[in-house]
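Here is the structure we will look at, set down as structure tokens.
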Amino acid sequence: MLPKPPLPDPPSDDKRWKIVATSMRRLGNQPHALIEALHSLQQTFGFLDRPGLEYIAGTLHAPLSKVYGAATFYHHFRLKPKGRHTCIVCTGTGCYIKGANRLLDDIEKKHGVKPDQTSADGEISLLTARCFGACGLAPVVVLDEEVLARVTSDDVERKLAEVRGNVPR
Amino acid sequence: MSEPVTKAKLATVWLDGCSGCHMSFLDMDERLLEVAARAELVYSPLVDRKDFPEIVDITLVEGAVSSEEDLRKIRHIREHTRVLVSLGDCAVAGNVPTMRNPFGVEPVLSRAYDENVTAPAPRPRGVIPVLLQAARPVHAVVPVDVYIPGCPPSAETIHYAVSELLAGRKPELRKLTRFGA
Amino acid sequence: MSPDEIRGMAEREREHQAGRSCVLQVCTAAGCQPMQSVEIKTALEAEAKARGIGEHQCQVKSVGCLGLCGSGPLVRREPDGAMYQRVTPGDAPAILDSLGSAPPTHLFLDTRQPFFARQTRIVTANSGRIDPERLEDYLAAGGYATLARVLTEMSPQEVIGEITRSGLRGRGGGGYPTGLKWSTVAKSPGTPKTIICNADEGDPGAFMDRSVLESDPHRMIEGMLIAAYAVGASEGYIYIRAEYPLAIARLKTALRHAERHGLLGNNICGTRFNLRIELRLGAGAFVCGEETALIASIEGNRGTPRPRPPYPAERGLFGHPTLINNVETYANVPSILERGGEWFAGIGTERSKGTKVFALTGSIANTGLIEVPMGITLRDIVFEIGGGVPEGARFKAVQTGGPSGGCIPEQYLNTPVDYESLMSLGSIMGSGGMIIMDDSSSMIDVARYFMEFCMTESCGKCIPCRMGTVEMHELLGRFLNGSAAKADLDLLEDLCEMVKSTSLCGLGQSAPNPVLTTLRYFRPEYDAALAAGGR
Amino acid sequence: MAGRVLTCQIDGQDVSGLEESTILEVAREHHIRIPTLCHVPGLPEAGACRVCLVEVEGAARLLPACVTRIAEGMKVKTESERLLKYRRMTVEMLFAERNHICSVCVSNGHCDLQWLAQTLGVDHIRFPYRYPALPVDSSHARFVADHNRCVLCLRCVRVCGEIEGAHTWDVMGRGADCLVITDLAQPWGESASCTSCGKCVQVCPTGALSEKGKSAGEMAKQRRFLPYLTLMRGGNHV
């Protein structure tokens, strides 16, 4: 068998690259570690940036296009940094029936963000989720990891106003 | 000598297209006489009449539906036509006129009326017809009975199709033409 | 742990528990946790401490799902089983005041109501009873005893025989006979064999698997262990959605405990049976519920399906014979092996055996999680157990099977819930989402909602699904905005048929179902939309 | 590896083929034409385009001829009203999906999609056209990628990954948003992995990938090298 090309150096001397490297090494730096590596990169740095993707591709000896293809296939992965606050509206069936789309419309009206966008001031990223599996609480909104149950547009607005400008928890 | 009463009424219409299909129609050359013996060309860019007749047996439409004027026209024509034929790729599939669709109307107009001119001209408002949001093939707007793809369909294709239609048959065009032919 | 050690540990834990005169079980699953149930538990503990009530007298315990999520946060009391609803941390003193008597009226939840009384609990037997983060609790409830017996007393063939006899069918939606699947993998040449648990519960409006994993993770692990033994697998994977942080955390804890006690790894229960289980996080792709797509994802690829055959049973993960079942399927296994296939086959109908867990949501009085015997009627679920639609609204349809299922109207509510009956109505059993709609819902809108889901979840590999869903979505939109013509209705019907017949995988093949069932049962809505459009 | 010879029936004709052969291979050996799009001799199959679906007696579903192996006594129907209808709809969807303007396409007259439409009698598209705004990448010194004309058959991805071994191409996004990409979705001309071998251009069924400098109708593709190349490189997809 041909020797493998050497492992690349991390993109910078940021210590956090060790976390990403470990997640890959745990699975033998094999190409099948790709999804785990992407999870780790996003968890560590908040989103998937280009140097990170190149680093993963180099370490796993995976083609760049394959890495990018996988990173853009899954909803969970983001290629852009998110805003200071994340507002996730559940659009599962239970929440849809109970008016999740109205919530989205009202947030868009008020803050000018559509799902998967970040407000111009970088404060709020609006996301949707397929289902949190908490349908008993529908409609559900998750704001910076705080679950807001059975919410109305007014509730969401009040909460958003509260966190805007605040440092997230 | 009077015309035989059974002569079919034929019309051709030119919407948003390059007139290539009409040129191809004219390329039928001497066969035009044969068509003329069986049909009367009652309305066409090639003849003088300005209003669409009350009822036409066969109307060949060239061009996509791109403007409000096209839309008004084709709806009227459909109501007054027995067999409506989409002639050529623009009518059948949208073709070149639809290449503007991905950009949206405003950027397209801006390119034509602001960027590439020495003196800015006013935007079309009616005398020059207002563009629709998207150019569309004819059947996206009104029901169409026969499709003759091709850019343009050859004179042979048109001749065959018109002859079949005049004989009351639906032309089988698969071997004669295709998109882009 | 050897079988004796398992018995011993269970015995000790049971004795320990028997000494307590009262246990307050606080649901800390994802349904109640956002409503401050962790704070409630803390408040109860503090209140008990302040009153000098020791843990041996009254233990406050974190448990999994108690079922009636819509009335949460819920607290249950042992030994009498009384329940408290819509509890707040401030209610702690009132709850402790009421220990010897009935709960105060504003907290009282009647456990004799059909919601609780009409359930048959196998998969959820321990849910809301045991602490999902303690192995000892599971052992005390009889956990892993079956595994020990299976490993020491039964051959793999006997295990498969028992599963076959039970009539268990896949609970992920397809309903493929589990015994048959197991025996195919067992017979497949090639090693190492692999076993996968599909916990990528993707149906919107369905949370059965999340609940099982948050409430009783060891049950699923034990089921996987038994399955691995039966088919001869030594590598295991659990593919779970990243959107379920609590379930992931509890599963990780359970796996760690199982490993530490020798229930995972090498020489399990002192036998020659080995199994490692790795957790892999899904990343938000509904199509990964499809077996070959799930395998592609674990292999580090885009989660696109591939044509079958070869089936994963012959050539699956990394080319090895692979068994894939979902959480609920595995969770049934320990009980079947404990009580016998015959016992399980005695529950349910001729061709659908056992129970099914459903997540009841939408316009219904009792929102939550239920487990019912197969063969129960939809009417009993909706109107008895579910308590019907809330006052002021009228029942219109029940949706089963999520984006792959259909909307069932009132006149079919007497249909028994089993795989074949639901399919004959144009829907499917699915993984267990059951959404109730009232007369305020437009069925065309509902159809379009599911179509939008399929459209954005389509992997894009085959054109019928990639574009068919887009075109159907567009046409449904025309019905909603009044621009639809008769030709659009014809085209929509053609599309449904074509996409169903030609798509590469189950996602596309079933995507038209919500449209087809609404066309079948709610046609007047489409006709009215045509009439309104004036075309 | 010489396998067993199996006999089966295709369109009522008795045919035989080696065990492990696909329906498509056996049909072609017997000059029975099954339309295909993503299939190219010499490449591993994708089973993605669904144009080659056939009816197999006793099978609950339609099966893709390109990946379905023959079996003893199998009865296959390659043509029926239903199949024709579905194949037509498939082609219509492909046309509606992107901006295929045949008249001005480099591959006009040499295009597999165009040819399929003609042979299946698709003379107009009933589906609403999508008119997506898609890029044209002309950054490569010798080639052009025009996403308006891509049908996502994955031939370029497969030939690049499996035969050339560069894996420059892959697919990003999902569903209707899928796009073929080079490396990290960067301009083709900046791709570090591309060897500029041009195989992707030659296998592309439409005008999506073409040689620079070609005008409308000038881009005919050359694919006969592929099965031989595959064989020489030790592949078994011939």
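The table for this structure:
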item: Yes/no for C:Ile295 being β-branched (Val, Ile, Thr), outside any strand (DSSP E or B), within 12 Å of chain A (Cβ to nearest Cβ) and on the phi < 0 side of the Ramachandran plot; result: yes
item: Among (1) in contact with a His (Cβ under 8 Å, 6 or more places away or on another chain); (2) assigned to a helix (DSSP H, G or I); (3) closer than 15 Å to C:Glu201 by Cα, the one test that C:Phe318 misses; result: (3)
item: Qualifying residue in the stretch C:196-211 (condition: away from chain A (no Cβ under 14 Å) and under 21 Å from C:Ile160 (Cα atoms)); result: yes
item: Test: residue in the stretch D:183-205 that is without any contact (Cβ under 8 Å) to a residue 24 or more places away in the chain and crowded, with 24+ Cβ neighbours inside 10 Å; result: yes
item: The stretch D:178-190: number of residues that are facing another protein chain (nearest Cβ under 7 Å) and either closer than 18 Å to C:Cys459 by Cβ or not charged (D, E, K, R) (or both); result: 5
item: Matching residues, the stretch B:29-52, being within 17 Å of the chain's Cα centre (by Cα) and surrounded by 15 or more Cβ atoms within 10 Å (Cβ to Cβ); result: B:Leu41, B:Val42, B:Tyr43, B:Ser44, B:Phe52
item: Set A:Gly99, A:Gly92: member being within 11 Å of chain C (Cβ to nearest Cβ), buried (at least 22 other Cβ atoms within 10 Å of the Cβ), within 30 Å of C:Ser37 (Cα to Cα) and among the small types (Gly, Ala, Ser); result: A:Gly92
item: Residues being touching an Asp or Glu at 6+ places or on another chain (Cβ under 7 Å) and of a type in the set (Phe, Trp, Tyr) - total across the stretch B:142-181; result: 2
item: Residue match in the stretch C:453-472 (condition: among the β-branched types (Val, Ile, Thr) and in contact (Cβ under 8 Å) with a residue 24 or more places away in the chain); result: yes
item: Whichever residue in the stretch B:101-113 is at the interface with chain D (Cβ under 9 Å from one of its Cβ atoms) and either assigned to a loop (DSSP other than H, G, I, E, B) or within 14 Å of B:Ser67 (Cα to Cα) (or both) and, among such residues, is modelled with the highest pLDDT; result: B:Asn101
item: Only listed residue being more than 10 Å from chain B (Cβ to nearest Cβ), among the hydroxyl-bearing types (Ser, Thr, Tyr) and on the phi < 0 side of the Ramachandran plot, chosen from D:Ser107, D:Ser139; result: D:Ser139
item: Neighbours by Cβ (under 7 Å, 6+ apart or cross-chain): first from the stretch A:97-124, free of Cβ contacts under 8 Å to residues at least 12 places away in the same chain; second crowded, with 18+ Cβ neighbours inside 10 Å and assigned to a loop (DSSP other than H, G, I, E, B); result: A:Gly112/A:Ser119
item: Of all residues making up the stretch A:38-54, the number that are at the interface with another protein chain (Cβ under 9 Å from one of its Cβ atoms) and either in contact (Cβ under 8 Å) with a residue 60 or more places away in the chain or out of contact with any His (no Cβ under 9 Å at 6 or more places or on another chain) (or both); result: 3
item: Qualifying residue in the stretch C:499-513 (condition: without any contact (Cβ under 8 Å) to a residue 60 or more places away in the chain, of a type in the set (Gly, Ala, Ser) and more than 9 Å from chain D (Cβ to nearest Cβ)); result: yes
item: Tally of residues being more than 7 Å from every other protein chain (Cβ to nearest Cβ), within 30 Å of D:Arg33 (Cβ to Cβ) and either free of Cβ contacts under 8 Å to residues at least 60 places away in the same chain or among the aromatic types (Phe, Trp, Tyr) (or both) across the stretch D:110-136; result: 2
item: Exclusive hit being closer than 21 Å to C:Gly426 by Cα and in contact with a Lys or Arg (Cβ under 7 Å, 6 or more places away or on another chain), set C:Leu504, C:Leu495, C:Leu530, C:Leu489; result: C:Leu504
item: Subset of the stretch C:243-276 (residues that are free of Cβ contacts under 8 Å to residues at least 60 places away in the same chain and surrounded by 19 or more Cβ atoms within 10 Å (Cβ to Cβ)); result: C:Glu243, C:Ile248, C:Leu251, C:Leu255, C:Leu264
item: Qualifying positions in the stretch D:139-168 - assigned to a helix (DSSP H, G or I), under 19 Å from D:Glu190 (Cβ atoms) and more than 13 Å from the chain's Cα centre (by Cα); result: D:His147, D:Cys160, D:Glu164
item: Residue in the stretch A:55-69 that is facing another protein chain (nearest Cβ under 8 Å), part of a loop (DSSP other than H, G, I, E, B) and touching a His at 6+ places or on another chain (Cβ under 8 Å) present; result: yes
item: Residue match in the stretch D:182-200 (condition: assigned to a helix (DSSP H, G or I), under 20 Å from the mean Cα position of the chain (by Cα) and over 25 Å from C:Cys496 (Cα atoms)); result: yes
item: Test: residue in the stretch D:143-163 that is in contact with a helix residue (DSSP H, G or I) (Cβ under 7 Å, 6 or more places away or on another chain) and modelled with pLDDT under 95; result: yes
item: Residue in the stretch D:42-54 that is at pLDDT 95 or above, part of a strand (DSSP E or B) and not hydrophobic (A, V, I, L, M, F, W, C) present; result: no
item: Positions within the stretch A:113-169 being under 15 Å from the mean Cα position of the chain (by Cα) and either part of a strand (DSSP E or B) or not assigned by TED's automatic domain parsing to the domain that holds A:Gly99 (or both), in sequence order; result: A:Gln117, A:Thr118, A:Ile124, A:Ser125, A:Leu126, A:Leu127, A:Thr128, A:Ala129, A:Val142, A:Leu143
item: Test for D:Arg88: is it among the basic types (Lys, Arg), within 14 Å of chain B (Cβ to nearest Cβ) and in a helix (DSSP H, G or I); result: yes
item: Near pairs, Cβ below 9 angstrom, 6+ apart or cross-chain, from the stretch C:91-118 (in a loop (DSSP other than H, G, I, E, B)) to any residue that is aromatic (Phe, Trp, Tyr) and surrounded by 15 or more Cβ atoms within 10 Å (Cβ to Cβ); result: C:Ser98/C:Tyr84; C:Pro103/C:Tyr84; C:Pro104/C:Tyr84; C:Leu107/C:Tyr84; C:Asp110/C:Phe116
item: Extreme residue, surrounded by the most Cβ atoms within 10 Å (Cβ to Cβ), among residues of the stretch C:1-25 that are in contact with a Leu (Cβ under 7 Å, 6 or more places away or on another chain) and within 16 Å of C:Val75 (Cα to Cα); result: C:Leu24
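For every residue, the table says whether it meets (1) under 15 Å from the mean Cα position of the chain (by Cα); (2) closer than 24 Å to C:Cys27 by Cβ.
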| site | (1), (2) |
| --- | --- |
| C:Gly362 | no, yes |
| C:Glu371 | yes, yes |
| C:Ile381 | no, yes |
| C:Val398 | no, no |
| C:Gly426 | no, no |
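The values are calculated or read from the model by the stated rules, or taken from the named source; none is laboratory data. What you are looking at is a predicted structure, and each value in this text was computed from that prediction instead of being measured. When we count neighbours, we look across all protein chains shown, and the Cβ atoms used for this are built from the backbone with ideal geometry, even at glycine.
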